[in-house]
Amino acid sequence: MFLAAGLAEARQNAGYILNIDGAIGPITYYQVKNTLALARKNDADFIMLVMDTPGGLLSSTRKIVQQILASDIPVIGFVYPKGSQCASAGVFVALSCHIVAMSPATNIGAAHPVTLTGKQDETMEAKVVSDTVSFIKSIANHRGRNAGWAEKAVRESISSTETEALKAGVIDIVADSTTELLAAIDGKTVKVNEGERVLNTKYARLITPKESFKEKILKIIADPNIAYILLMLGTLGIFLELYHPGLGVPGIVGTVSLILAFFAMHTLSINMAGLLLIAVSFVFFAIEAITPSFGLFIISGIITLMLGSFFLFRPMSEFNIPYGLIVGVTTAVGLILWAAVLFAWRTKKRKITTGMEGLVGEKARVVKALSPEGTVFVQGEYWKARSESGNVAENDTVTVVKADGFTLVVEKTNNPER
């Protein structure tokens, strides 16, 4: 009976599980911070971070590591499922956890820092690498892990399998599933800020924090393909509004899309050369809007936009956009903008049909003889008129030449009936 009661009490233990299955950025930090706060509030026994990440922003990674190192609740890092990776920024997060585990057929490492804007000069790169090495070694030493391996992961971009990582003292255990992992680490003692804590995980219930609507939206736009589409949609909307002022909707949609795209780009590895080429394409599109080049700048804009899209992410980046998407989207944007420019120019060349300017070229009937001034009737209205071709008798037909203030200047038209 006492054994059954003990098992029932153990099964009441609970831990929170959070999946980090993409690029690490501000959204990831937001999720980790909220999960830690939720775990503290509900007195959870542990937090498990299930990781499958190619890396991400080092700035966000530092904040996540700070949260984990300051946590009084044990944090378990688990590279899972099979085939997953824990690379670049993910290595820092994993090494900061109280327990690090990997499932079979996974790898960890390759943590050499790469800037968002691509290649930098050797001096600056050396500074960044040294700073990053110090950061990862301090984490490894604090958790009692292999600091030498951690340094090589940064300097030499080494990567290890789960077996190699276990042998090198980088991780604590290899487990095939979360259930197996929780059973294997049950009873282990870990150091937390308050002292030591014994893990009671064998029968623990795993709780997945519910994603808020805000988190779902942020995760969607952080996808590089979505971010790229938002960038193109924003470009299209802004220039449609520029070509046809007053529409409103394209400008609003374009502005919102660009803001979301820039937020998403902040979390991705952007190549400055690609970004500059895209900016140049915007300049070409803008010139086309005010200069009648018959499509020359539109074509140049499409070409530079396509080139910029190909170079937008640094070579060998974990973030890549399919070439088919780039070609399709840039071609569509270019054709739509071209059609908008043609429509705008044709509209400008059309004869004005409203106001006094719209009366130019119209036939008018003289209702009060012009000598040289009088009154004419045109388009259902009476107008004061002045003849430039001599006196004109009543009921004769004249042609409106121009408007002089509120007076129409007319010329006599042949009147064969008279």
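The values are calculated or read from the model by the stated rules, or taken from the named source; none is laboratory data. Just so we're clear, the structure is a prediction, and the values are computed from it rather than from any experiment. Note: ideal-geometry Cβ built from the backbone for every residue, glycine included; neighbour counts use all protein chains shown.
Structural remarks
- A single member of THR123, THR28 is in contact (Cβ under 8 Å) with a residue 24 or more places away in the chain and not assigned by TED's automatic domain parsing to the domain that holds LEU277, and it is THR28.
- When the residues of segment 162-188 are filtered to those that are charged (D, E, K, R) and over 12 Å from PRO104 (Cβ atoms), the one that is surrounded by the fewest Cβ atoms within 10 Å (Cβ to Cβ) is LYS167.
- VAL392 meets the conditions (1) modelled with pLDDT of 85 or more; (2) surrounded by 18 or more Cβ atoms within 10 Å (Cβ to Cβ) in every case but one. The failed one is (1).
- Going through (1) out of contact with any Phe, Trp or Tyr (no Cβ under 9 Å at 6 or more places or on another chain); (2) surrounded by fewer than 17 Cβ atoms within 10 Å (Cβ to Cβ) one by one, SER257 falls short only on (2).
- Criterion violated by SER157 - all others in (1) at pLDDT 95 or above; (2) of a type in the set (Ser, Thr, Tyr); (3) surrounded by fewer than 19 Cβ atoms within 10 Å (Cβ to Cβ) satisfied: (1)
- Qualifying residue in segment 219-229 (condition: aromatic (Phe, Trp, Tyr) and crowded, with 20+ Cβ neighbours inside 10 Å): yes
- When segment 33-44 is filtered for residues that are in contact (Cβ under 8 Å) with a residue 60 or more places away in the chain and either under 30 Å from ASN225 (Cα atoms) or not assigned by TED's automatic domain parsing to the domain that holds PHE92 (or both), the ones remaining, listed by number, are ASN34, THR35.
- Residues that are farther than 30 Å from VAL327 by Cα and touching a Gly at 6+ places or on another chain (Cβ under 8 Å) number at least 3 in the following strands (runs of 3 or more DSSP E) confined to segment 150-269: 205-207.
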